[in-house]
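**Student:** Structure in structure tokens, see below.
The values are calculated or read from the model by the stated rules, or taken from the named source; none is laboratory data. Computed from a predicted model, the values in this text were never measured in an experiment. Note: ideal-geometry Cβ built from the backbone for every residue, glycine included; neighbour counts use all protein chains shown.
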Amino acid sequence: MKKKLFGICLVLTLILTACGNAKVEEKGEVDKEIETTTQENKSNDSKTVEKETKVAETEEKTEEKTQDEKLSIYLSGPEAMMKKLETSFEKERGDVVDFLLMSCGQVRNKVWTEKEAGNIQADIVWGSDPMLFNKLDNEGLLATLNLENEKYIDESIKAESDNYLMVNERYVTLMYNSDNISDCPKSYEQLKNEKYANKVVMADAGQSATAFSIASCIYQIENNDINYFKGLKDNGIKLSKSNGQVPSLIIEGQFDVGVGPHDAFVRLTKKAKKEGYEIPLKLVWPEEGAIAIRRPMGIIKDENRSEENQKIAEEFVNFMLSKEAQKITEQFGFVSVRNDIENTYLPKDVKKQLIDWNKATECEGEFKKAYEEIF
Amino acid sequence: MKKFSNKLNIRSVKKCFNTSNIVFLILSILIVLLFLYPIMMIFKNGFIVDGKFTPEGYIREFTNKNTWIALLNTIKMAFGVLFITWFLGGSLAFLVERTDYKYKKIINLFVFLSFCIPSYIISVSWIQIVSRGGYIHRILKLIYPSINYSFNTYSLLATTLVLSIHLYPLVFFGIRNALKKSSISLNDAGRLLGGSKWHVFLKITLPLILPSFVSVGLLVFSRTMANFGVAAQLALPAGISVLTTGIYKAMSELDITTQSVLSVILILTSMSIYWVMNSYLNKRNFFFEDERKEKKHNKNIFSLGKSKVFVNVVVSIYFILTFILPLISLTISSFTKRWGLKLKLENLTLRNFEILFFENEFFKRALFNSIIFGIVSSIIAVSLAVVIVYFYKTNKNRKASFIYKVASLPLAVPNIILAVGAIFAWINLPIKIYGTKWIIIFTYIMLFVPIIIKQVKGLADNIDDSMDISAKTLGIPILGRIIKLFFPMIKKGVFSGIAICFLIALREIPISLLLYAKGNETLGVMLFTIQSNAYGLEMTSAVSIIVIIISIVVNIVVKKIGVRRAGL
């Protein structure tokens with residue numbers, strides 16, 4: 001019996017060890033494309049050689065960093081993009097950052113729960129919505145940023161505070177399943193039309209930070225009239241837990257129409273093309289305009305942070321505004337905040353709808369209560 | 001005189017430091033730090049509004065209509081699941097233990113395998129099967145191309161059904177164990193006195209196993225109330241809220257006060273039901289006899305007679321619907337390039353598994369962590385639970401009752417709340433383990449101890465107290481009594497408890513999701529992250545298939561070390 005037991009344990013251990021040692025190779029087409037872009041950018045940068053020498057020196061120092069010593073970054077976004085950014089940033093510095101990838105809502109929950117518990121564990125937070133950053137800023141929890149690339153940031157996309165920055169922009173669109181319907185809705189208003197009854201999906205503002213931004217903006221477009229959401233509910237709209245799920249649910253055929261950000265559409269289309277299949281997903285720019293969602297980033301104030309880590313944190317924030325990093329995010333569907341990178345995603349004739357965050361914060365309580373009543 | 005008073009002092013000090021008091025002291029410290037402190041932190045946070053200590057948060061939530069709707073939905077769902085699982089688990093257990101049904105082994109196997117499928121995976125397969133674009137729709141479309149298919153995939157009823165399918169094995173295990181142990185000689189007596197089989201069943205068998213129904217029902221009830229994943233998957237999209245989803249929403253809206261108050265409401269509701277059921281259990285006792293004698297009484301089991309065929313058909317349909325179909329659906333989906341694409345050969349691929357095994361480092365880490373966290377936490381939880389049950393059984397006083405009750409508390413606390421409590425309790429000194437793997441392991445221990453206590457308590461109740469008293473009189477120390485006398489009599493419950501806890505660790509989402517840091521991800525985190533990212537249900541299905549296979553392997557391993565006899 002003991003022998004048998006030992007045998008079973010041995011087999012399990014071997015399986016686990018084998019599993020743990022399997023080599024990782026990841027070279028997708030998108031990745032290769034980005035690598036090329038990165039290399040091109042680098043060759044254009046006159047400071048690269050100098051930087052690399054510095055980096056080689058720091059690399060030795062940072063190589064032995066334990067997990068506790070590394071910079072902890074809470075972020076949301078596509079995994080492949082984050083991996084690319086991490087590799088790119090660490091190529092020059094060694095293994096100095098730890099990415100903790102979550103959804104937008106999770107980033108918000110985790111940061112806020114830790115804040116309430118009295119100790120935010122992250123050094124840098126990237127993702128969620130400006131409302132979280134405004135709250136953190138008001139409580140004096142964000143460090144002031146020293147942005148080297150500030151002159152490149154599009155003036156209209158700059159954050160309201162000096163203590164956080166906007167890294168990217170994306171737009172809310174209407175999506176539909178081209179196999180199931182030919183007559184797609186052209187505006188948010190049309191989603192209440194009876195012919196789309198029980199066929200519409202959008203992310204739940206109660207679960208997703210980005211969805212809350214979208215709902216707040218639609219609420220503003222509708223002149224703070226909550227009846228719009230009542231109409232949607234009466235028309236049988238269903239709520240997904242995240243925006244990323246919306247295009248998936250439409251492709252799967254569960255729903256015919258949805259409201260979601262364009263970057264997910266871009267990535268899904270690229271993936272389908274790469275893997276050689278077609279997806280019945282089409283995009284429509286709403287008549288009311290494309291709601292712009294921005295992804296903020298900030299450094300959490302921490303007096304106990306070592307000078308070295310503070311420097312790396314600042315370097316990371318500046319890296320995210322560099323052409324190299326912005327190009328990487330652009331490949332994954334996000335719009336750059338730099339004025340020297342063209343916006344290839346938003347058609348010129350489509351109006352950009354901006355969220356008035358001051359107004360959104362003002363009406364937050366009222367809107368939340370009314371939204372909760374309906375859903 | 002001095003000598004005498006010194007002797008008296010030494011004696012009273014010695015008396016104070018007797019084994020029982022030392023065990024009580026150690027247990028109290030552990031229980032307070034591990035169980036009471038995190039839960040108390042949740043209660044405390046309900047009173048904090050904008051940094052001030054005030055009852056405003058409680059008043060606001062108690063006067064909010066939505067809170068009551070969520071509470072009502074939670075209770076409706078919990079009772080629905082309770083009755084369905086009682087019926088399903090009880091019927092199957094009776095079929096296996098008290099009838100001459102031919103394929104008992106198949107039932108045992110399918111029930112356990114059903115338990116191996118995580119609840120959110122069942123909800124995923126539910127969506128894959130019944131939703132628009134799902135397999136039923138696709139088949140109907142082949143027959144009627146212009147069909148306007150409509151099915152209410154997202155509802156409270158769907159949540160109740162999925163949770164029932166997931167939780168009925170708990171009832172099955174519990175009732176089967178009770179039936180195995182309940183005295184057949186009483187049934188014999190009933191039959192000899194002229195009672196019909198049904199009369200004997202209703203008047204003798206059922207009352208004997210009723211405490212088991214209540215005990216395991218309590219577990220089902222609390223797990224249903226605590227469930228978040230299925231409710232979030234199937235009820236929230238339709239705008240239906242239960243307390244756990246309300247808590248999650250409050251968390252998303254950065255409202256820690258509401259989150260804490262809703263948690264307190266949930267805890268209090270669960271505790272009230274727990275108290276009612278427990279007071280019933282305290283008035284009842286099992287009647288057991290040696291299992292070996294049972295085998296001689298095979299003649300007394302119910303004969304299915306002509307209804308054999310009917311029972312076979314019903315059982316087959318049941319397992320096809322609740323186990324085979326979901327499994328087929330998951331398997332097919334795991335091989336598709338993208339779930340939702342037409343089922344053609346060109347749309348099938350092995351790529352999903354290739355990514356998981358050879359490219360995705362996250363998956364390998366998550367798999368390793370889930371196994372290690374599951375093993376470590378269930379072993380520690382078992383050790384604690386056994387000592388707690390022993391202490392409660394042998395010291396029926398207030399001290400023991402306090403420890404037992406506090407250790408059972410997490411049963412009424414949703415996992416998501418345990419995680420929040422853990423953050424508040426263990427993010428700062430004296431126990432600063434937030435961000436390490438230990439916070440997940442400690443929270444798992446919190447979750448597992450009451451489950452193992454439930455598994456063990458029923459068996460422990462049947463051990464005559466005189467045995468322990470005799471051993472004590474013979475001078476056997478407490479550790480010896482626990483290891484050599486108590487443990488062998490409850491080991492079956494312990495092994496089944498470990499197996500259940502390990503399987504929970506393999507698929508648990510909310511705790512690890514809230515507490516993980518880089519390097520500590522689990523399979524639950526992996527599944528949740530996959531669903532949130534660009535991968536569709538195909539990748540979720542691939543991970544699910546792997547989780548199910550591991551669960552089956554674990555089952556085989558556990559059986560090899562003797563759990564089969566424990567009722568798994």
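**Student:** Please work out if A:Q353 is over 21 Å from A:L268 (Cα atoms) and away from every other protein chain (no Cβ under 13 Å).
**Tutor:** Details: over 21 Å from A:L268 (Cα atoms): yes; away from every other protein chain (no Cβ under 13 Å): yes.
Taking the combined requirement at face value, the residue satisfies it.
**Student:** Is it the case, given these coordinates, that A:I218 is modelled with pLDDT under 90 and crowded, with 18+ Cβ neighbours inside 10 Å? Even if it seems obvious, please write down each step before you answer.
**Tutor:** On the way: modelled with pLDDT under 90: yes; crowded, with 18+ Cβ neighbours inside 10 Å: yes.
Taking the combined requirement at face value, the residue satisfies it.
**Student:** For region B:38-51, check the following and say yes or no: at least one residue is in a helix (DSSP H, G or I), at pLDDT below 90 and acidic (D, E). Spell out how you get there, then give the answer.
**Tutor:** Looking only at region B:38-51, we keep the residues that are in a helix (DSSP H, G or I), and these are B:38-45.
Now narrow it down to the ones that are at pLDDT below 90: B:38-45.
The next check asks that each one be acidic (D, E); those that pass are none.
No.
**Student:** Let me ask something else. Could you list, in sequence order, all residues of region B:386-430 that are within 13 Å of chain A (Cβ to nearest Cβ) and without any contact (Cβ under 8 Å) to a residue 40 or more places away in the chain?
**Tutor:** Within region B:386-430, B:I427, B:N428, B:L429 meet the criteria.
**Student:** May I ask you to list pairs of residues, at least six apart or on different chains, whose Cβ atoms are under 7 Å apart, with the first in region B:507-531 being more than 22 Å from B:H166 (Cα to Cα) and the second being among the polar types (S, T, N, Q) and not in a helix (DSSP H, G or I)?
**Tutor:** Filtered contacts from region B:507-531: B:Y516/B:T522; B:K518/A:Q67; B:G519/A:Q67.
**Student:** Checking the conditions here, which among A:S240, A:S213, A:S208 is under 30 Å from B:M539 (Cβ atoms), at the interface with chain B (Cβ under 8 Å from one of its Cβ atoms) and touching a residue at least 40 places away in the same chain (Cβ under 8 Å)?
**Tutor:** Numbers: A:S240 fails: touching a residue at least 40 places away in the same chain (Cβ under 8 Å); A:S213 fails: at the interface with chain B (Cβ under 8 Å from one of its Cβ atoms).
Among A:S240, A:S213, A:S208, only A:S208 is under 30 Å from B:M539 (Cβ atoms), at the interface with chain B (Cβ under 8 Å from one of its Cβ atoms) and touching a residue at least 40 places away in the same chain (Cβ under 8 Å).
Conditions tested, residue by residue: (1) more than 14 Å from the chain's Cα centre (by Cα); (2) over 29 Å from A:L71 (Cα atoms); (3) assigned to a helix (DSSP H, G or I).
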position	(1), (2), (3)
A:S242	no, no, no
A:P247	yes, yes, yes
A:I279	yes, yes, no
A:K282	yes, yes, no
A:A292	no, yes, no
A:R295	no, no, no
A:I299	yes, no, no
A:V317	yes, no, yes
A:K348	yes, yes, no
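**Student:** So A:N223 clears everything in (1) in contact with a helix residue (DSSP H, G or I) (Cβ under 9 Å, 6 or more places away or on another chain); (2) more than 10 Å from every other protein chain (Cβ to nearest Cβ); (3) free of Cβ contacts under 8 Å to residues at least 24 places away in the same chain except one condition, right? Which one?
**Tutor:** (1)
**Student:** Being under 19 Å from B:A93 (Cα atoms) and in contact with a Lys or Arg (Cβ under 6 Å, 6 or more places away or on another chain), is that true of even one residue in region B:237-257?
**Tutor:** No.
**Student:** Within region A:186-237, can you find the residues that are more than 20 Å from A:K135 (Cβ to Cβ), aromatic (F, W, Y) and either under 26 Å from the mean Cα position of the chain (by Cα) or not assigned by TED's automatic domain parsing to the domain that holds A:T361 (or both)? Break it down stepwise before answering.
**Tutor:** Here is the first cut: in region A:186-237, the residues more than 20 Å from A:K135 (Cβ to Cβ) are A:186-204, A:218, A:221-237.
Adding the requirement that they be aromatic (F, W, Y) leaves A:188, A:196, A:228-229.
Selection gives A:Y188, A:F229.
**Student:** When residues of region B:531-546 are filtered for being modelled with pLDDT under 75 and either in contact with a helix residue (DSSP H, G or I) (Cβ under 7 Å, 6 or more places away or on another chain) or surrounded by fewer than 20 Cβ atoms within 10 Å (Cβ to Cβ) (or both), how many remain?
**Tutor:** Looking only at that region, the number is 3.
**Student:** Next question, about the same structure. Has region A:69-91 got at least one residue that is at pLDDT below 80 and within 14 Å of another protein chain (Cβ to nearest Cβ)?
**Tutor:** Looking for residues that are at pLDDT below 80 and within 14 Å of another protein chain (Cβ to nearest Cβ), one finds at least one in region A:69-91, hence yes.
**Student:** Would you point out which residue out of A:F332, A:F319 is surrounded by 21 or more Cβ atoms within 10 Å (Cβ to Cβ) and either among the polar types (S, T, N, Q) or under 24 Å from A:E92 (Cα atoms) (or both)?
**Tutor:** On the way: A:F319 fails: surrounded by 21 or more Cβ atoms within 10 Å (Cβ to Cβ).
When all the criteria are applied, what remains is A:F332.
**Student:** Sort through B:I355, B:I332, B:I328, B:I324 and tell me the only one that's within 12 Å of another protein chain (Cβ to nearest Cβ) and of a type in the set (V, I, T).
**Tutor:** Working: B:I332 fails: within 12 Å of another protein chain (Cβ to nearest Cβ); B:I328 fails: within 12 Å of another protein chain (Cβ to nearest Cβ); B:I324 fails: within 12 Å of another protein chain (Cβ to nearest Cβ).
Testing whether each residue is within 12 Å of another protein chain (Cβ to nearest Cβ) and of a type in the set (V, I, T) leaves just B:I355.
**Student:** Here's something else I'd like to know. Output the qualifying pairs, or none if there are none: Cβ atoms under 7 angstrom, residues six or more apart or on different chains, first residue in region B:212-241 and more than 14 Å from chain A (Cβ to nearest Cβ), second residue assigned to a helix (DSSP H, G or I) and of a type in the set (D, E, K, R).
**Tutor:** Hits for this filter: B:S215/B:K454; B:L219/B:K454.
**Student:** Which count do you get for residues in region A:189-211 that are under 22 Å from B:L236 (Cβ atoms) and either among the hydrophobic types (A, V, I, L, M, F, W, C) or modelled with pLDDT of 85 or more (or both)? I'd like the intermediate steps shown before the answer.
**Tutor:** Looking only at region A:189-211, we keep the residues that are under 22 Å from B:L236 (Cβ atoms), and these are A:191-192, A:196-211.
Now narrow it down to the ones that are either among the hydrophobic types (A, V, I, L, M, F, W, C) or modelled with pLDDT of 85 or more (or both): A:191-192, A:196-205, A:209, A:211.
Adding up the residues that qualify gives 14.
**Student:** Which of the following residues is surrounded by fewer than 24 Cβ atoms within 10 Å (Cβ to Cβ), closer than 21 Å to A:N177 by Cα and of a type outside the set (V, I, T): A:A290, A:A264? Walk me through it before giving the result.
**Tutor:** Numbers: A:A264 fails: surrounded by fewer than 24 Cβ atoms within 10 Å (Cβ to Cβ).
Going through A:A290, A:A264 in turn, the sole match is A:A290.
**Student:** Of these, B:I453, B:I483, which one is among the aliphatic types (A, V, I, L, M), touching a residue at least 12 places away in the same chain (Cβ under 8 Å) and outside the structural domain of B:F221 (by TED's automatic domain parsing)?
**Tutor:** Working: B:I483 fails: touching a residue at least 12 places away in the same chain (Cβ under 8 Å).
Going through B:I453, B:I483 in turn, just one is among the aliphatic types (A, V, I, L, M), touching a residue at least 12 places away in the same chain (Cβ under 8 Å) and outside the structural domain of B:F221 (by TED's automatic domain parsing): B:I453.
**Student:** Only one of A:D95, A:D183, A:D162 is surrounded by fewer than 22 Cβ atoms within 10 Å (Cβ to Cβ), outside the structural domain of A:K323 (by TED's automatic domain parsing) and either in contact (Cβ under 8 Å) with a residue 12 or more places away in the chain or closer than 25 Å to A:E303 by Cα (or both). Can you tell me which? Full working, then the answer.
**Tutor:** Values: A:D95 fails: outside the structural domain of A:K323 (by TED's automatic domain parsing); A:D162 fails: outside the structural domain of A:K323 (by TED's automatic domain parsing).
Among A:D95, A:D183, A:D162, only A:D183 is surrounded by fewer than 22 Cβ atoms within 10 Å (Cβ to Cβ), outside the structural domain of A:K323 (by TED's automatic domain parsing) and either in contact (Cβ under 8 Å) with a residue 12 or more places away in the chain or closer than 25 Å to A:E303 by Cα (or both).
**Student:** Considering region B:506-519 alone, what residues qualify as being within 11 Å of chain A (Cβ to nearest Cβ) and either among the β-branched types (V, I, T) or more than 18 Å from A:A117 (Cβ to Cβ) (or both)?
**Tutor:** B:K518, B:G519
**Student:** I'd like the full set of residues that are surrounded by fewer than 19 Cβ atoms within 10 Å (Cβ to Cβ), over 22 Å from the mean Cα position of the chain (by Cα) and not aliphatic (A, V, I, L, M), limited to region B:65-97.
**Tutor:** Listed by number, the residues that qualify are B:K65, B:N66, B:W68.
**Student:** From (1) surrounded by 24 or more Cβ atoms within 10 Å (Cβ to Cβ); (2) in contact with a Lys or Arg (Cβ under 7 Å, 6 or more places away or on another chain), pick out the condition that doesn't hold for A:L142.
**Tutor:** Of the numbered conditions (1) surrounded by 24 or more Cβ atoms within 10 Å (Cβ to Cβ); (2) in contact with a Lys or Arg (Cβ under 7 Å, 6 or more places away or on another chain), the odd one out for A:L142 is (1).
**Student:** So in region A:251-265, with the set limited to residues that are more than 9 Å from every other protein chain (Cβ to nearest Cβ) and in a helix (DSSP H, G or I), which one is farthest from A:F212 (Cα to Cα)? Spell out how you get there, then give the answer.
**Tutor:** Taking region A:251-265 first, the residues more than 9 Å from every other protein chain (Cβ to nearest Cβ) are A:257-263, A:265.
After this cut, where a residue has to be in a helix (DSSP H, G or I) as well, the list is A:262-263, A:265.
On the way: A:H262: 16, A:D263: 17, A:F265: 19 Å.
Across region A:251-265, the extreme among qualifying residues is A:F265.
Okay, residues lined up against (1) modelled with pLDDT of 80 or more; (2) surrounded by 18 or more Cβ atoms within 10 Å (Cβ to Cβ); (3) not small (G, A, S):
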{"site": "B:C501", "(1), (2), (3)": "yes, yes, yes"}
{"site": "B:L515", "(1), (2), (3)": "yes, yes, yes"}
{"site": "B:I548", "(1), (2), (3)": "yes, yes, yes"}
{"site": "B:S551", "(1), (2), (3)": "no, yes, no"}
{"site": "B:V558", "(1), (2), (3)": "no, yes, yes"}
{"site": "B:V563", "(1), (2), (3)": "no, yes, yes"}
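**Student:** Being out of contact with any Gly (no Cβ under 7 Å at 6 or more places or on another chain), closer than 30 Å to B:V315 by Cβ and of a type in the set (F, W, Y), is that true of even one residue in region B:27-44?
**Tutor:** Within region B:27-44, not a single residue is out of contact with any Gly (no Cβ under 7 Å at 6 or more places or on another chain), closer than 30 Å to B:V315 by Cβ and of a type in the set (F, W, Y).
Quick grid of which residues meet (1) out of contact with any strand residue (DSSP E or B) (no Cβ under 9 Å at 6 or more places or on another chain); (2) part of a loop (DSSP other than H, G, I, E, B); (3) buried (at least 23 other Cβ atoms within 10 Å of the Cβ); (4) not β-branched (V, I, T):
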site: B:L202; (1), (2), (3), (4): yes, no, no, yes
site: B:F221; (1), (2), (3), (4): yes, no, yes, yes
site: B:T224; (1), (2), (3), (4): yes, no, yes, no
site: B:P237; (1), (2), (3), (4): no, no, yes, yes
site: B:I240; (1), (2), (3), (4): yes, yes, no, no
site: B:T245; (1), (2), (3), (4): yes, no, yes, no
site: B:M251; (1), (2), (3), (4): yes, no, yes, yes
site: B:T257; (1), (2), (3), (4): no, no, no, no
site: B:S260; (1), (2), (3), (4): no, no, yes, yes
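**Student:** Okay, next question. Of all residues in region B:327-351, how many are in a helix (DSSP H, G or I), at pLDDT below 90 and over 16 Å from A:E252 (Cβ atoms)?
**Tutor:** Matching residues across region B:327-351 total 3.
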